[in-house]
1. Can you name the number of the only condition in (1) under 21 Å from Trp150 (Cα atoms); (2) in the same structural domain as Leu148 (by TED's automatic domain parsing) that Gln97 fails?
2. Having 1 or more residues that are within 15 Å of the chain's Cα centre (by Cα) is the bar; report the helices (runs of 4 or more DSSP H) wholly within the stretch 70-144 that clear it.
3. Which residue pairs have Cβ atoms closer than 7 Å, lie 6 or more positions apart in sequence or on different chains, and pair a first residue in the stretch 124-139 that is free of Cβ contacts under 8 Å to residues at least 24 places away in the same chain and in the same structural domain as Gly10 (by TED's automatic domain parsing) with a second residue that is surrounded by 12 or more Cβ atoms within 10 Å (Cβ to Cβ) and assigned to a helix (DSSP H, G or I)?
Amino acid sequence: MQVNEFMNRGRARIKKFLPSCNLFCDRALFEKTGGFPPLRSAEDVMFGLKLSRLAPVWFIPEARVCHIFREDLKGFLKNEISLGKGNIRYRRLQYPQTFYYKGFWPYVFLPGFIAIKLVRITLRILKAGPQSAVRFFYVFPAFLLGLLFWGIGFAKGALGDERN
């Protein structure tokens, strides 16, 4: 669900970044970017944004990648917390002047961030077609639980909580 904007649909296109779990990069270009920054999560976003300033980053829907996913609830929720923490850290690094990522503001805007995330993901999945929509609504309760834990991670990251 976190990378649903990279679903295998549409045409090949240039993106701002690709998650590194789905990325092929020439070694020289990787080294030119300085590689991954020393973050526990969102390091692929930071790398991808830096990479896109040096060369176009293409998303090719026909490309296939195999992953081993977390299949137990505890692992899934722990990962969502980590992704939430990484999100606020990356946004603070990427947008250092943006007030709503500083101080108490992330807590004020957190319900809005979650609502925007929910709407954007839902619309992208619905746009992918009926088969994707049916699968999404089948797992919707688990998705909402994951989104809640993402928000918990975001809030912990806003506090500067570096623990897992």
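1. (1)
2. The helices (runs of 4 or more DSSP H) meeting that bar are 73-94, 105-127.
3. That search, which allows pairs on different chains as well, returns nothing.
Listed here are the residues, each with its yes/no results for (1) modelled with pLDDT of 80 or more; (2) touching a Leu at 6+ places or on another chain (Cβ under 9 Å); (3) not assigned by TED's automatic domain parsing to the domain that holds Val139.
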| position | (1), (2), (3) |
| --- | --- |
| Arg11 | no, no, yes |
| Asn22 | no, no, yes |
| Cys25 | yes, yes, yes |
| Asp44 | no, yes, yes |
| Ala55 | yes, yes, yes |
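The values are calculated or read from the model by the stated rules, or taken from the named source; none is laboratory data. For clarity, every value in this text was computed on a predicted model and none was experimentally measured. All Cβ positions, glycine included, derive from the backbone under ideal geometry; neighbour counts span all protein chains shown.
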